[in-house]
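What follows is a short report on a single structure.
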Amino acid sequence: MKLYEFQGKELFARCGIPVPKRRLVRSFEDLETLDAPLVLKSQVLSGGRGKAGGVVVCDDNASLVQEGKRLIGSSLKGERVLALLAEEKVDILQEYYLSFVIDGELKKPLIIASATGGMEIEKVAEEEPEKILKLSFDPLAGPSDYHFRRIADFLSLRNELKDLRKVLRAMYALFNQYDASLIEINPLVKTSAGLIALDSKINLDDDAEFRQKEIFQEFQEQQNVIQQNNAKAKDEGTITYVPLDGNIGMISDGAGTGMLSLDLIRDFGGEAADFCEMGGLTSPDVMYQAMETVFNKATKELKSLLVILIGGFNRMDEMAEGIIRYKNDHGISVPLFVRLCGTMETEGKKMMIDSGLPVFDDLEEAVEKAVMAAEGNSHVHSY
Ligand code: GDP
Ligand code: MN
């Protein structure tokens with residue numbers, strides 16, 4: 001679960017990380033009750049709001065009302081802005097970047113720090129990696145004081161070591177206590193009054209929801225108020241989609257089947273374009289959405305699509321229904337290889353064949369043909 005800035009800052013405040021005084025505003029009437037100077041910040045989940053015009057410093061009440069009215073209801077990076085955070089304006093001496101993340105390759109938690117914080121951290125990471133410090137630490141022991149001193153030196157914040165240590169300790173406490181996968185402050189700013197977190201980005205690990213029920217519920221209720229189409233977002237949540245570098249689209253009904261399919265694609269010399277699985281027990285709608293996801297999100301042009309379904313509790317007639325409905329709505333412009341078996345297999349196959357779509361009985365044959373098609377060794381189909 002991604003938290004909005006205002007939610008992250010609430011957590012920061014609770015654990016002692018200094019944040020600006022702030023108020024959430026959701027209506028034009030609320031704007032009239034504010035007093036400049038202050039900063040209006042659009043509450044959306046994507047980053048880069050500053051560059052996209054979603055963060056505005058307002059020096060007088062007239063511009064505050066005008067800018068506020070412009071922002072509320074506007075669309076920012078594909079999200080509708082339904083709330084603004086109105087914050088006390090802070091005089092910035094310097095901007096820093098700090099985060100706690102899990103490094104998937106090292107399989108360890110990592111602290112990332114940079115003195116070139118602000119809006120362009122991805123650019124810095126690419127062009128001047130020496131300006132970014134990455135320190136991994138033992139997940140059981142937590143970070144120790146030596147890490148904090150090293151970071152203070154790297155950021156030339158030796159004189160602010162006490163403040164910095166407090167911020168880092170609190171970030172770690174949040175990271176640990178709430179099963180976060182990311183706690184980011186960008187920018188953390190130096191002011192005449194000390195260090196202040198001017199932004200907040202927090203991701204909680206969805207797989208930990210079962211032991212973080214209270215916090216998930218609290219934040220979800222807040223998000224429901226300022227989000228539209230929430231039901232739809234939930235429904236799509238059953239699909240796991242991970243983009244990969246190849247050109248063979250892959251859909252499976254469960255994670256195990258998906259891993260098996262990826263291995264087989266490799267064995268036959270192909271490269272998958274994605275890992276897409278429908279979360280076990282599923283429906284025609286989810287099958288349809290999985291097709292949509294794989295075609296819409298592919299980063300490279302797909303050369304074939306492999307759908308591997310093993311019906312334990314899934315009904316193959318329902319899976320076929322989803323595939324056929326997608327074909328009727330959008331067409332399928334690449335060679336398709338569907339292998340289905342198990343519950344209601346005969347019915348599912350008949351529906352596919354009646355709709356002019358190919359089905360395979362043999363798993364390896366379907367994978368091999370999908371790989372061959374991606375290599376251009378079969379004539380191009382479309383359905
Ligand atoms: P993001 O672009 O979505 O990451 O939004 P941020 O919250 O990081 O804000 C973007 C930029 O706006 C920051 O890097 C600051 O430079 C600037 N900014 C935000 N709040 C203030 C403030 O209170 N005072 C000043 N002077 N600048 C601010
Ligand atoms: Mn930021």
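The values are calculated or read from the model by the stated rules, or taken from the named source; none is laboratory data. Quick caveat, the model's predicted, so the values are computed rather than measured. Cβ coordinates were reconstructed from backbone atoms using ideal geometry, including for glycine residues, and neighbour counts include every protein chain displayed. Areas reflect the complete protein model, heavy atoms only, side chains present, ligands, DNA and RNA absent. Shrake-Rupley method; radii C 1.70, N 1.55, O 1.52, S 1.80 Å.
For this structure, a couple of remarks:
- Condition met for Ile112 (without any contact (Cβ under 8 Å) to a residue 24 or more places away in the chain and aliphatic (A, V, I, L, M)): yes
- Per-region count, segment 32-67, residues surrounded by fewer than 21 Cβ atoms within 10 Å (Cβ to Cβ) and either more than 31 Å from the chain's Cα centre (by Cα) or among the polar types (S, T, N, Q) (or both): 14
- Failed condition for Lys108, given (1) within 16 Å of ligand 1 (Cβ to nearest atom); (2) under 21 Å from Tyr172 (Cα atoms); (3) not aliphatic (A, V, I, L, M): (1)
- Residue match in segment 75-83 (condition: touching an Asp or Glu at 6+ places or on another chain (Cβ under 8 Å) and either open to solvent by 70 Å² or more (accessible area, probe 1.4 Å) or touching a residue at least 24 places away in the same chain (Cβ under 8 Å) (or both)): no
- Taking (1) closer than 21 Å to Met278 by Cα; (2) open to solvent by 10 Å² or more (accessible area, probe 1.4 Å) in turn, Ser333 satisfies each apart from (1).
- Restricting Ser42, Ser46 to those that are free of Cβ contacts under 8 Å to residues at least 60 places away in the same chain, near ligand 1 (Cβ under 10 Å from one of its atoms) and out of contact with any helix residue (DSSP H, G or I) (no Cβ under 8 Å at 6 or more places or on another chain) reduces the list to Ser46.
- Members of segment 192-215 that are within 16 Å of ligand 2 (Cβ to nearest atom) and touching a Pro at 6+ places or on another chain (Cβ under 9 Å): Leu195, Ile196, Ala197, Leu198, Asp199
- Of the residues Arg70, Arg26, Arg49, the single one that is of a type outside the set (Ser, Thr, Tyr), more than 30 Å from Val167 (Cβ to Cβ) and in contact with a strand residue (DSSP E or B) (Cβ under 9 Å, 6 or more places away or on another chain) is Arg70.
- Selection of strands (runs of 3 or more DSSP E) fully inside segment 188-289 by the criterion of at least 2 residues being surrounded by 13 or more Cβ atoms within 10 Å (Cβ to Cβ), within 17 Å of the chain's Cα centre (by Cα) and among the hydrophobic types (A, V, I, L, M, F, W, C) returns 201-204, 274-277.
- Subset tally (residues that are open to solvent by less than 50 Å² (accessible area, probe 1.4 Å), away from ligand 1 (no atom under 16 Å from the Cβ) and part of a loop (DSSP other than H, G, I, E, B)) for segment 114-148: 3
- Only residues that are among the polar types (S, T, N, Q) and either crowded, with 16+ Cβ neighbours inside 10 Å or in a strand (DSSP E or B) (or both) were counted in segment 305-330, giving 1.
- Within segment 6-39, considering residues that are closer than 19 Å to Ile92 by Cβ and in contact with a Leu (Cβ under 6 Å, 6 or more places away or on another chain), the one farthest from ligand 1 (Cβ to nearest atom): Ala36
- If the condition is being open to solvent by 60 Å² or more (accessible area, probe 1.4 Å) and among the polar types (S, T, N, Q), then segment 290-304 contributes Asn296, Thr299.
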